[in-house]
Amino acid sequence: MASEAYPYIVFLSIVAIMIALSPFYLFSLVFFLLLIFVIYFFRDPDRTIPDGSDIVVAPADGKVTKVTKVNPDQVDSPSLISIFLSPLDVHINRSPIAGRISEVNYVKGRFVPATREDASLINEQNVITIENGSVKIIMKQIAGIIARRCVLWKKAGETVALGERLGLIKFSSRTDLILPTEYKVLVKVGDRLEGGVTIIGRKN
C-alpha cells in the first residue's frame, strides 16, 4: 500500500471509532466503508515486468481512451496514448521505459473531468520526460475532477528501470504517453491495461 494512504486511514479510523462510541454509532458504518475504500484505492501490488530493451510498458492501469497522432497532418508525428483511471483502478504510475528522467515540469491547472478532450492541456499535471540514448518519451500525470494531486516520487536526473514505480495520482485521473515515431503502438481504444506489465509499444 502506498504511504500516501496513511493520513486518510488514521483520520477515518479515529472518526469511525469516535462515532461508534457515540449514540449515533450506526453512522460509523459510513466511515468504516470509506476506510475500506481508501485501503483498496491505495493498494500497490507487485508486478512481473516483461523483459526487453525495445518495448514500452503501460505507465498505469486503466482503459485506453485515445490513440492518435499528436500532429495528424504530419506523417512522422509522435503517437499519443491516453489512459483513464477510474477510482477502482490501481493508481500507481510506472516508468514506461528504462532510462533517465531528464525533465519534470509541474503545470498548475484546472480540474475538469479527465475524460475531456482538453484535459491534457488545461488540467493540473506533471510532465515527465524519460530518455534512453536517442529515445525520448513523455509521460503526463493528469489530475481529474476528483483527483486533486499528482504525486511524483522521482526527480529530474534520477535513473529508472522499466516498470519501476514513479508515483501516483489520487483518485480518478488520467495518464498520457507520447511515443516517438520509431515505436509501433500495440494497443487500441477500449483496451484494458496493467501498469508495468502490458506492452503498449515496440520499437520498429
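The values are calculated or read from the model by the stated rules, or taken from the named source; none is laboratory data. All figures in this text were calculated on a predicted structure; none of them were measured in a lab. Note that each Cβ is placed from the backbone with ideal geometry, even for glycine, and that neighbours are counted across all protein chains shown.
Restricting ARG149, ARG110, ARG174, ARG116 to residues that are touching a Phe, Trp or Tyr at 6+ places or on another chain (Cβ under 6 Å) and either more than 19 Å from ALA58 (Cβ to Cβ) or at pLDDT below 90 (or both) narrows the list to ARG174.
For segment 43-61, check the following and say yes or no: at least one residue is surrounded by fewer than 16 Cβ atoms within 10 Å (Cβ to Cβ) and touching a Pro at 6+ places or on another chain (Cβ under 9 Å). Scanning segment 43-61, I find no residue that is surrounded by fewer than 16 Cβ atoms within 10 Å (Cβ to Cβ) and touching a Pro at 6+ places or on another chain (Cβ under 9 Å), so the answer is no. Of all the listed residues (SER95, SER102), the sole one being closer than 13 Å to ILE200 by Cα, at pLDDT 95 or above and hydroxyl-bearing (Ser, Thr, Tyr) is SER95. Taking the listed residues ALA16, ALA60, the one that is at negative phi, aliphatic (A, V, I, L, M) and in the same structural domain as GLU194 (by TED's automatic domain parsing) is ALA60, with no other qualifying. Restricting attention to segment 123-144, the residues that are buried (at least 24 other Cβ atoms within 10 Å of the Cβ) and assigned to a loop (DSSP other than H, G, I, E, B) total 1. Regarding segment 30-39, can at least one residue be identified that is under 14 Å from LEU168 (Cβ atoms) and either more than 20 Å from the chain's Cα centre (by Cα) or at pLDDT below 95 (or both)? Yes, segment 30-39 contains at least one residue that is under 14 Å from LEU168 (Cβ atoms) and either more than 20 Å from the chain's Cα centre (by Cα) or at pLDDT below 95 (or both).
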